[in-house]
Amino acid sequence: MFTPLPLMTDRWFEFRMRWKRRRLRLRAIAKSRELTCIKRGQWGKGDILLFCTIRNEAERIDWFLHHYRQLGVQHFIFIDNASTDGTRETLRAQPDTTVYATSASYKKSRFGMDWITWLMTRHANGHWCVVADSDELLIYPHWQTRPLPALTAWLDAEAQPALLAMMLELYPQGPLDAAPCVRGTDPCIALNWFDAANYTITHKPLLDCLLIQGGPRARCFFAQTPNRAPTLTKLPLIKWSWHNVWVNSTHAILPRALNRQFATCGGEQISGALLHTKFLATVVEKSRIEKHRAEHFGNAPVFDSYYDAVARAPDLWCPASTRFEGWEQLEELGLISRGGWA
């Protein structure tokens, strides 16, 4: 019997997505051999877990742990990628951490996502999980008074398995190397400016996800090639299932239905922000190191000029910059939304 072409196309597409998901899961299983558990903690059945790949973040780790503990994370699972600055020792000393270690290539593990996918598959089935880099601080409407257990209970009631968030890049006024952060203090004290506009949003039909680009990196480092500017869309909070796999960092996931955490028929759906604290003073020296390591981009030579520019400690501030004041301000600007989370 003749099958209409659109139906055949849909079936072929679904087959491709299922095969891609299996292939990525097999990659994660293979990469699990690169991980060694050096400290195993314990957590409860309903605990909220956080997963993070980390390397040499001694200046941030204390506040990172403080922020997410206050937010309601009950156990942290870290992958330490050969830290040499005491980060690993700090993590092992915490009462609520599990720590894996590896010296394998971050780039060849799909920038840590093979490791993360494997550990989430192993440990997180049925758990609500935060997945964040050490320079990312999740906030959302009412976050100071309604911790994650309240939010995840509401998301469960709404049958919403993930929270969409925009990465909001914070920066100082003045040269980057003049923005030091005392260990254990909030990096947002040093980094208190952001771009309130200057963003584009594109729907990517292949994975049914949003692509947000813009902000200070697009403005200062990718003005001539804006399509190469970093992706700012992420899914930092998700209820994990063993058959999920991360596709491209936490920008997209399979099954692809999980990516549609945005309103499509008018109105608004709840969303948050990841405060990106990359541009502390140490980013200047780290840019020189990461350019040499070539572990953070798929086509590293293309980003050499970006690393060189950051290493010169530029001033990202401009007259259109906005001082960061809190989630209410971001909601007024349309950068996050409470949706039905009144």
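Rule-based calculations on the coordinates, nothing more; no lab input. These numbers come from a predicted model, not from an experiment. Using ideal geometry, Cβ is built from the backbone for each residue, glycine included, and neighbour counts are taken over all protein chains shown.
Restricting attention to region 300-342, which trypsin sites (Lys or Arg not before Pro) occupy a DSSP loop and are surrounded by at most 13 other Cβ atoms within 10 Å?
Sites meeting the loop and neighbour criteria: Arg312.
For the chain, what does the helix formula give at 222 nm: sum of -39500 (n - 2.57) over DSSP H segments with n ≥ 4, over the residue count, nearest 500 deg cm²/dmol? Each step should come with its number before you reach the end.
Numbers: 9 runs with 100 residues, N = 342.
Per the formula, -9000 deg cm²/dmol.
Test of understanding: ordering Cys129, Cys265, Cys37 by Cβ neighbours within 10 Å, fewest first, what list do you get? Before the final figure, lay out the partial values.
Details: Cys129 23, Cys265 4, Cys37 11.
In order of increasing Cβ crowding within 10 Å: Cys265, Cys37, Cys129.
Sum up the charges of everything whose Cβ sits under 14 Å from the Cβ of Leu275, counting Lys and Arg as +1 and Asp and Glu as -1, but leave Leu275 out. Please list the in-between numbers first.
Working: positive: Arg60, Lys234, Lys278, Arg323; negative: Asp133, Asp135, Glu136, Glu169, Asp186, Asp195, Glu325.
Summing Lys and Arg as +1 and Asp and Glu as -1 gives -3.
Scan region 175-272 for trypsin sites (Lys or Arg not before Pro) in coil per DSSP, keeping those whose Cβ has at most 13 other Cβ atoms within 10 Å, and list them by number. All intermediate terms of the calculation are to be shown ahead of the outcome.
Numbers: sites: Arg183, Arg217, Arg219, Arg228, Lys234, Lys239, Arg256, Arg260; in loops: Arg183, Arg260.
Here the trypsin sites (Lys or Arg not before Pro) that fit, given the DSSP loop and packing criteria, are Arg183.
Excluding the sites themselves, what is the longest stretch of the chain that contains no chymotrypsin sites (Phe, Trp or Tyr not before Pro) in a DSSP loop with at most 13 other C-beta atoms within 10 Å? Walk me through the numbers on the way to the answer.
Working: sites that count: Phe2, Trp242.
Within the chain, the longest run free of exposed chymotrypsin sites (Phe, Trp or Tyr not before Pro) spans 3-241.
Can you say what percent of the DSSP beta bridges in the chain, counting only those with both residues inside, are antiparallel? Round to 5. Numbers along the way, then the final one.
Values: 29 of 50 bridges.
Counting DSSP beta bridges with both partners in the chain, the antiparallel share is about 60 percent.
Convex hull volume of the Cα atoms in region 28-152, per residue, in Å³? Spell out each step's value before the answer.
Values: hull volume 12.5 nm³, N = 125.
Roughly 100 Å³ of hull volume per residue.
Do any GluC sites (Glu not before Pro) in region 129-228 lie in a loop, going by DSSP, with at most 14 other beta-carbon atoms within 10 Å of their beta carbon, and if so which? Before the final figure, lay out the partial values.
Working: sites: Glu136, Glu158, Glu169; in loops: Glu158.
Hits after loop and neighbour filter: Glu158.
In whole percent, what relative contact order does the chain give with Cα contacts below 8 Å and a gap of six or more residues? Working shown, then result.
Details: 632 pairs, mean separation 74.0, N = 342.
Reported relative contact order: 22 percent.
Ranked by Cβ crowding within 10 angstrom, fewest neighbours first, how are Thr53, Thr102, Thr202 ordered?
Values: Thr53 22, Thr102 19, Thr202 12.
Placing the least packed residue first, the sequence is Thr202, Thr102, Thr53.
What translational diffusion coefficient, to the nearest whole µm²/s, does the chain have by Stokes-Einstein, given a Kirkwood radius computed over alpha-carbon pairs, a temperature of 4 °C and 1.567 mPa s viscosity? It would help to have the intermediate numbers written out before the result.
Working: Rh = 20.9 Å.
It comes out at roughly 62 µm²/s.
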